1. Can you name every residue in region 18-32 that is under 21 Å from ILE47 (Cα atoms) and aliphatic (A, V, I, L, M)?
2. Can you name every residue in region 25-52 that is assigned to a helix (DSSP H, G or I) and exposed (fewer than 11 other Cβ atoms within 10 Å of the Cβ)?
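Taken together, the values in this text are just the output of simple stated rules run on the coordinates, not laboratory data. The structure presented is a predicted model; accordingly, all values stated were derived computationally and were not measured. Glycine gets a Cβ as well: all are built from the backbone with ideal geometry, and neighbour counts include every protein chain shown.
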Amino acid sequence: MKTQHPTKASGISFLSIGIAFMAVAASGQSAFLGVGMAFIGLGIAFIAKARKDKQP
């Protein structure tokens, strides 16, 4: 069974969701600040993993 690796597209999706939560946090809802940071972190990690897997 082949395991699925994080793709760049899923990383970009997490990153954009994180940016959306940060925009909501900037409008005064400070509770979304941590959620936005977590999604941005996941997005960066997925993009880095996808780039690492493509190296020879």
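1. Of the residues in region 18-32, the ones under 21 Å from ILE47 (Cα atoms) are 18-22.
Selection gives ILE19, ALA20, MET22.
2. Hit for region 25-52 is LYS52, nothing else.
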